[in-house]
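Nothing in this text is a laboratory measurement; each read-out follows from the coordinates by a stated rule. What you see is a predicted model, and the numbers here were worked out from it, not measured in a lab. Ideal geometry is used to build each Cβ from the backbone, glycine not excepted, and the neighbour counts take in all protein chains shown.
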Amino acid sequence: MKDLYQRIETYNIAGMKPSRVEHTRRVTEMAILLAEQYGVDYHQAKLAALLHDIAKPMNKKEALDMLKAHGIGDPYLSREIHLAHGELGAIIARETFGVEDEDVLNAVRYHTYGRRGMSLLEKIIFIADYVEEGRDFEGVVEARKLAKQNLSKAVVFATEQTILFLLKHRGVIHPNALEVRNEWLENGGTFDGNI
């Protein structure tokens, strides 16, 4: 496993800006802490965290070409290319690094906007990306607190904050984000405090 981690880190350093490499390091640290707290496999958490932004450096043409080559027809991903890096990262993880663990691949795939029925690992990568120590925005302190208390609630909080931000800035909301929120309500979740 150490060899695989090293190959991914080398790939990241070669392709990413130093700030993105540091972000990935912080996400990995947070993912490992959360995995330990919630009883998720260390290696799965570390692997998914190292891979989560691996496709972020791709330009629009490369991203569109890869989506097309793999038959991915999600119109939100092709229209809002910044949303596609999770899906593309899962492809790179499988094709370049031989990752076959579907939970790891889904954690990479859905870390930006989530989905209905997220696994614990998916939630960990989603929230680790949102609350890593380099993040500084309104609501991040509350999200960090929630991440330590109730992972599902933290994911819903982060999703709702993202939806509110996108509404305010007239951004496109991936339907999966709405599904994350709706699933919470359908399962008896409530919104209290700042949620």
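Values for this structure:
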read-out	value
Span from the region 104-121 Cα centroid across to the region 20-48 one, whole angstrom	14 Å
Stokes-Einstein D (µm²/s) once Rh is taken as the Kirkwood radius of region 1-112 over alpha-carbon pairs, at 37 °C in 0.692 mPa s	232 µm²/s
Highest-fluctuation residue, L146, L77, L164 considered, GNM on the chain with Cα pairs under 10 Å	L164
Taking the convex hull of Cα positions in the chain, its mean projected area over all directions (nm²)	10.7 nm²
Cβ-defined net charge surrounding A35, 10 Å radius [Lys, Arg +1; Asp, Glu -1]	-1
The chain: DSSP helices with Cα axial extent of at least 18 Å and average Kyte-Doolittle hydropathy no lower than -1.0	2-15, 18-38, 151-168
Residue-count net charge about V180 - beta-carbon cut-off 12 Å; Lys, Arg +1, Asp, Glu -1	0
Highest-MSF residue in the chain out of R26, R144, R116 [GNM, Cα springs under 10 Å]	R116
Relative contact order (percent, whole number), the chain, Cα cutoff 8 Å, 6+ residue spacing	20 percent
Residue among K123, K145, K153 with the largest mean-square fluctuation in a Gaussian network model of the chain, springs linking Cα atoms under 10 Å	K145
Of K46/K168; K46/K148; K17/K153, pairs whose Cα-Cα distance is over 29 Å	K46/K168; K17/K153
